[in-house]
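Participant: Below: one structure in structure tokens.
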Amino acid sequence: MALAARGNLRIVCTTHALGDFLMRARNRQLFQFLHGTPDGAGVLRLPRCDFFFCIGSDIDFDPAYLERIVARNLPIVAGLYAIKEHNAPGADPRWCFNKIRGAADGVSPDGLLEIAAGGTDFICFRRDALETMVKHSRVRPYVDDFPGGDTTRPHYHLFNFGVANDHAMEPWESDDWRQNRLFSEDYWACRIARDCGIKVMLETTGYCGHWDGRTRYPTNPPPQSPLPGAEAVAEQFKHATTTPEHGGAQ
């Protein structure tokens, strides 16, 4: 655990390297955020925090962008970053979020866009949103008996891969869950939120770098101003996003 401060923002940083168990790492950090770390020799208890901000190890960002997202003080706000693919000269990047199917394109004047799902490599959850989401009937409690886990209290399988309409899970009523497709953990968590009546918003006033080895995506970055015009942003996103049909924010 590390403590840092920027202006009036106090930041508690935790990291997990659990091999290929991305979902286990995210869910363990969620547990620590909600309940603190277990007591024990040499183990620090986390202070109570107001926001749970997931940042992937392959993401770079302007600290001011993070501050703007937190300052929104909304239940869920995702940051913008590109999918790891090369863009032809002059082509727009494919951004890592999902539109709401059938919704009209439109970014608010202050740069927010309501979406179906945002990527969990740069997304901020407010505490009350997570406390509501983990009570959802599809968020299964489990015991974290992996090394370093706390086996005395249940963890929440919120960040989860899932297949809609399979034998283990009855479908939701919405069309999103009648596809027999695998949903990634980012889409799954955001779908849980929306099912709880919680909106997922995208912060369009900046974007992050997304690294793959020595390559930083987007390889053909768009022009960026501190607060791009809503019309320009909406026009760019109209042709340059993933959609729920892809089964995940990627």
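Computed from the coordinates by the stated procedures, all read-outs in this text should not be read as laboratory data. All values reported here derive from a predicted model rather than from experimental measurement. All Cβ positions, even for glycine, are placed from backbone atoms using ideal geometry, and neighbour counts span all protein chains on display.
Participant: Express in nm, to one decimal, how much length is gained between residue 143 and residue 62 on full extension, taking 0.36 nm for each residue of separation and deducting their alpha carbon distance.
Facilitator: 25.5 nm
Participant: Going by how many other beta carbons lie within 10 Å of each one, how would you line up 216, 26, 140, fewest first?
Facilitator: In increasing order of surrounding Cβ atoms, one gets 140, 216, 26.
Participant: Using 0.36 nm per residue, how much length does the chain from residue 151 to residue 101 gain when fully extended, once their Cα-Cα distance is taken away?
Facilitator: Stretched out fully, the residue 151 to residue 101 stretch lengthens by 14.0 nm.
Participant: Can you put 153, 94 in order of Cβ neighbours within 10 angstrom, beginning with the fewest?
Facilitator: Starting with the residue having the fewest Cβ neighbours, the order is 153, 94.
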